[in-house]
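What follows is a set of notes on a single structure, which appears directly below.
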Amino acid sequence: MVLYCPLYDVIVVGAGHAGCEAALAAARMGCRVLLTAIDLDKVAAMPCSPSIGGMAKGQLVKELDALGGEMAKITDRTAIQYRKLNTKKGPAVHSSRTQNDKMRYHMAMKAVIEAEPNIDLKQTMVESLAVEGDRIAGVEDHTGFGYRATTVVLATGTFLSGLVHIGNKSVQAGRAGEFAAYGLAEHLRQIGFGLGRMKTGTPPRLRKSSIDFSKFSAQETDENPTPFSFFTEHICLPQIPSYIGYTNRRAHAIVRDNLQRSALYGGIIKGISARYCPSFEDKIVKFPDKDRHQVILEPEGIDTEEIYASGLGNSLPLEVQIELVRSVEGLEAAEIMRPAYAIEYDYVNPIQLKPSLEAKKIKGLFLAGQINGTSGYEEAAAQGLWAGINAACQVQKRPPFVLDRSQAYMGVMIDDLVTRGTREPYRMFTSRAEYRLMLREDNADLRLMEIGHALDLIDRDTVRDLRARKMQIDQEIQRIKHTFIKPDKAVNAYLLSRGTQPLGDGTRLDQLLKRVELDYQTVEALAPSPDNIRPGVAKQVEIEIKYEGYIQKQLREIERFKNLERIKIPEDFDFFSVHGLSNELKEKLSAVRATSLGQATRIDGITPAAISVLMVALKAQAKRKMVNECDGTI
Ligand SMILES: Cc1cc2nc3c(=O)[nH]c(=O)nc-3n(C[C@H](O)[C@H](O)[C@H](O)COP(=O)(O)OP(=O)(O)OC[C@H]3O[C@@H](n4cnc5c(N)ncnc54)[C@H](O)[C@@H]3O)c2cc1C
């Protein structure tokens, strides 16, 4: 393989949500980057729902933003609807979600990429990797042209051996209308990667003017929408509602009568699909008694007729899709502009990766996004940033970038992937994050911006402002905790007017703020702060005081977690030499190559007894090493 081009620091294969973040992170850290895609008109394409965020996904996007990623900024520039989810519940599960103009999203991200001087963006299909010894050296494309690089990030999404299905018709494609990457998939197999097969799908797109919206109920944007990005000052696009409707028994019968003609239930699809993202056929089969299922009509953009019919994803033949869609009230005359389809594709089980997302078998090769078995724009983008940062760290001889489970949802996701691997599409949920009370959307900047700054991805002014806010939060919490309120007439009249109990005895302001019915503004009015407290600061003060007990408890749990994370396992530790471990556990530990005792505790099948045995073996090895160092044998 002849590698022609000058040496790049980082080559990113794929300009989807993962690839764009990887390329931008590495470029902004000062690396020379080549970003490739099969079709430049599909940079940062949204092949499925025209939305960003949602449960736990909103947290990922905020974390990306706090670390200097791009998704949240592009989201705000292209959002046509904002909704905050779960606001009736505690702040740990508050998540943002937007509807976005897909075409504007693609164009905005492509423009940012093109404006980045350190990135060369090229349309090509990578067919194979150049590997010298156990180290990556570059890539070769379908024309036989080779590009040389110190590191490579593979972010190829659903394209590896992509196969699109509509009924019993199948087409090789990475997405409807785009070439698939069969050459690269075969090459990855040949060089020893274990590949699995997954499936996802998308609903039909309907023509807006053929829909009777009077039969649907509108779902409007939030009254005071909150931008996704910490850097967005105001929202720029007109807001458009979505519309909610329901299927009916007739629709269900149509599917039941044609089940064998669906690619999924006709046995054509082999890939594993996501339990949490069922196709319409799945819903009919799994919930036979339900007499209706929700359909949400989501606008795909401002200047398009296309409507995304969420809830009607299927892989039925087109004529059945038409019958199904037209059986829904309000869609009797609906025109399908793009049919629903299912796609199956190869993925690389992420157990083959290190916590930096570097491949264990090839140095300098990183994998990010759907190729690792996840599903979702947000999960992909978070991995892309992570891999891009780590590729740049390797080029610049910096220590690897890894966040642990107590620092970020990203840390939870990556640890889950590389420690347990995945056999079905992995989607982020708040339930996956055991320390979710600390990993909220509202404090992503406080948790991560300093780290982004240390990586040269967040600028000095932003961090200066962050430090000032942190200081103000601490000072205001202290002030509130040390401000005493006497139960005088005016105070009690005020409290009664705010629908809460009057005071019998004097109390501290923080005790008042712990009352569920009172918020920071109401309590602060009793003893106003001498400083101008900004809304973001007020929110942090309120949460820190209201959830103080839970937060303290979680901080103790995190300390215990960190104690186990601090017990490192040497890279060359021989798990097979540990007496008292079963062969199965020895194999699992060697496959994962846990880097700490903490990570070892999370490997499937590991028992507390096995951890004790391992701890003893690690201590014994450390002692032997010390003795040897003392008597100079090493
Ligand atoms: C039909 C469909 C339905 C989906 N449904 C859902 C859903 O319901 N819920 C959900 O959360 N997610 C869904 N997704 C997944 C979602 O689209 C992805 O999670 C997300 O786009 C993954 O981002 P990525 O960056 O990993 O890859 P992608 O966005 O797929 O981008 C891959 C990029 O790699 C490039 N590429 C691939 N191979 C090569 C090569 N050999 N050489 C050069 N460039 C290459 C492509 O051109 C593209 O730019 C769906 C995807 C599809 C296709």
Worksheet item: Would you pick out the residues in the range 597-634 that are within 16 Å of Leu417 (Cα to Cα), touching a Leu at 6+ places or on another chain (Cβ under 7 Å) and not β-branched (Val, Ile, Thr)?
Response: Gly598, Ala600, Gly605
Worksheet item: Among the residues of the range 624-631, is any open to solvent by 80 Å² or more (accessible area, probe 1.4 Å), outside any helix (DSSP H, G or I) and without any contact (Cβ under 8 Å) to a residue 24 or more places away in the chain?
Response: yes
Item to complete: Keeping to the range 388-422, report how many residues are within 30 Å of Ser279 (Cβ to Cβ) and either touching a strand residue (DSSP E or B) at 6+ places or on another chain (Cβ under 6 Å) or not charged (D, E, K, R) (or both).
Response: 10
Item to complete: Please enumerate the residues belonging to the range 20-39 that are within 14 Å of the ligand (Cβ to nearest atom), farther than 9 Å from Gly388 by Cβ and either open to solvent by 10 Å² or more (accessible area, probe 1.4 Å) or among the small types (Gly, Ala, Ser) (or both).
Response: Ala37, Ile38, Asp39
Item to complete: Provide a single number: the residues in the range 159-186 that are open to solvent by 60 Å² or more (accessible area, probe 1.4 Å) and not basic (Lys, Arg).
Response: 7
Discussion item. Which of the strands (runs of 3 or more DSSP E) found entirely inside the range 30-87 contain at least 2 residues meeting this: farther than 29 Å from Gln123 by Cβ?
Written reply: 79-85
Discussion item. I need the full set of residues from the range 329-353 which are more than 14 Å from the ligand (Cβ to nearest atom), part of a strand (DSSP E or B) and β-branched (Val, Ile, Thr), in order please.
Written reply: Ile336
Fill in: Answer residue from the range 358-395, given it is part of a strand (DSSP E or B) and open to solvent by less than 10 Å² (accessible area, probe 1.4 Å) and is nearest to the ligand (Cβ to nearest atom) among those
Thr374
Response to the item:
Exactly one of Ala334, Ala251 is closer than 30 Å to Ala79 by Cα, buried (at least 17 other Cβ atoms within 10 Å of the Cβ) and not assigned by TED's automatic domain parsing to the domain that holds Met55, and that one is Ala334
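Out of Ser273, Ser242, Ser262, Ser279, I need the residue that is surrounded by 15 or more Cβ atoms within 10 Å (Cβ to Cβ), of a type outside the set (A, V, I, L, M, F, W, C) and over 30 Å from Thr422 (Cα atoms). Which one? Steps first, please.
Numbers: Ser273 fails: over 30 Å from Thr422 (Cα atoms); Ser262 fails: over 30 Å from Thr422 (Cα atoms); Ser279 fails: over 30 Å from Thr422 (Cα atoms).
Result: Ser242 is the single residue among Ser273, Ser242, Ser262, Ser279 that is surrounded by 15 or more Cβ atoms within 10 Å (Cβ to Cβ), of a type outside the set (A, V, I, L, M, F, W, C) and over 30 Å from Thr422 (Cα atoms).
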Response to the item:
Residue hits (the range 94-106; surrounded by fewer than 22 Cβ atoms within 10 Å (Cβ to Cβ) and either over 17 Å from Ser49 (Cα atoms) or of a type in the set (Ser, Thr, Tyr) (or both)) are His94
Worksheet item: Within the range 52-59, is even one residue within 15 Å of the ligand (Cβ to nearest atom), within 29 Å of Arg135 (Cα to Cα) and open to solvent by 30 Å² or more (accessible area, probe 1.4 Å)?
Response: no
Worksheet item: Checking Thr156 against (1) of a type in the set (Val, Ile, Thr); (2) within 11 Å of the ligand (Cβ to nearest atom); (3) part of a strand (DSSP E or B); (4) under 25 Å from Ala26 (Cα atoms), which single condition isn't satisfied?
Response: (3)
Fill in: Number of the exception - Leu555 against (1) farther than 22 Å from Gly605 by Cβ; (2) exposed (fewer than 13 other Cβ atoms within 10 Å of the Cβ)
(2)
Worksheet, complete the sentence: Of the residues in the range 108-143, those that are within 16 Å of the ligand (Cβ to nearest atom), in contact (Cβ under 8 Å) with a residue 60 or more places away in the chain, open to solvent by 20 Å² or more (accessible area, probe 1.4 Å) and not in a strand (DSSP E or B) come to Lys110, Val112, Met125
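A quick yes/no check of all residues on (1) open to solvent by 30 Å² or more (accessible area, probe 1.4 Å); (2) outside the structural domain of Pro227 (by TED's automatic domain parsing); (3) part of a loop (DSSP other than H, G, I, E, B); (4) among the hydroxyl-bearing types (Ser, Thr, Tyr):
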position	(1), (2), (3), (4)
Lys470	yes, yes, no, no
Gln475	yes, yes, no, no
Arg479	yes, yes, no, no
Tyr494	yes, yes, no, yes
Asp505	yes, yes, yes, no
Gln521	yes, yes, no, no
Ser529	no, yes, yes, yes
Asn532	yes, yes, yes, no
Item to complete: Could you tell me which residue of the range 64-93 is nearest to Ile414 (Cα to Cα), considering only residues that are in contact with a His (Cβ under 7 Å, 6 or more places away or on another chain) and open to solvent by 50 Å² or more (accessible area, probe 1.4 Å)?
Response: Lys84
Discussion item. Filter the range 169-212 down to the residues that are in contact with a helix residue (DSSP H, G or I) (Cβ under 7 Å, 6 or more places away or on another chain) and either hydroxyl-bearing (Ser, Thr, Tyr) or not in a strand (DSSP E or B) (or both) and list them by number.
Written reply: Phe193, Gly194, Pro204
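The values are calculated or read from the model by the stated rules, or taken from the named source; none is laboratory data. The structure displayed is predicted, hence computed values, not measured ones. All Cβ positions, glycine included, derive from the backbone under ideal geometry; neighbour counts span all protein chains shown. These accessible areas exclude ligands, DNA and RNA; they are computed on the full protein's heavy atoms, side chains included. Shrake-Rupley method; radii C 1.70, N 1.55, O 1.52, S 1.80 Å.
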